[in-house]
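The values are calculated or read from the model by the stated rules, or taken from the named source; none is laboratory data. Since the structure is predicted, the reported quantities are computational estimates derived from the model, not experimental observations. Virtual Cβ from ideal backbone geometry, glycine too; neighbours counted across all protein chains shown.
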Amino acid sequence: MDSGLVVRAGVVIPETELAWRFSRSSGPGGQSVNTTDSRVELSFDVRGTTALSDVLRARALERLRSRLVDGVLTVAASEHKSQWRNREAARTRLAALLRDAIAAPPRQRRPTKPSKSSVRRRLDDKKRRGETKRLRGRPSD
């Protein structure tokens, strides 16, 4: 875990920029529930990081603005009884959040219009269907 947090190819958060905090988990846990600090909080200062380029940092700040507190993103994990497994879960969760936040925006859709022949085919089919239905009516005297 000392190599840093790999977000994607070319983007690695150094371990020195990650802040860990440990506390007691709530919920069931057996005899050791009140003695072990198995809940993990992993914090990352998005605003002050040097691991992201200016473009990626701006994109992450924009997309994560509802989750940030003073530019810091915090992820908590307490679903496992083991602190080690909670640490791994928090690292995985943080990497996934950052990966989604710095992803390139989807390409814009280029508006198109139907070809003349497809419009003609559609109208011909409508006329043919209408004629079929009209012929089903009662015969006139």
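Within the set Val12, Val69, Val75, the sole residue that is of a type outside the set (Gly, Ala, Ser), modelled with pLDDT of 85 or more and in contact with a helix residue (DSSP H, G or I) (Cβ under 7 Å, 6 or more places away or on another chain) turns out to be Val75. Restricted to helices (runs of 4 or more DSSP H) entirely inside the stretch 26-135, those with at least 3 residues that are within 22 Å of the chain's Cα centre (by Cα), without any contact (Cβ under 8 Å) to a residue 60 or more places away in the chain and surrounded by 12 or more Cβ atoms within 10 Å (Cβ to Cβ) are 54-63, 83-102. Against the condition at pLDDT 90 or above, within 13 Å of Ala101 (Cβ to Cβ), in contact with a helix residue (DSSP H, G or I) (Cβ under 8 Å, 6 or more places away or on another chain) and not small (Gly, Ala, Ser), how does Arg63 come out, does it pass? Here the answer is yes, as Arg63 does meet what is asked. The residue list Val72, Val55, Val46 contains one member that is of a type in the set (Val, Ile, Thr) and under 16 Å from Arg21 (Cβ atoms), which is Val72.
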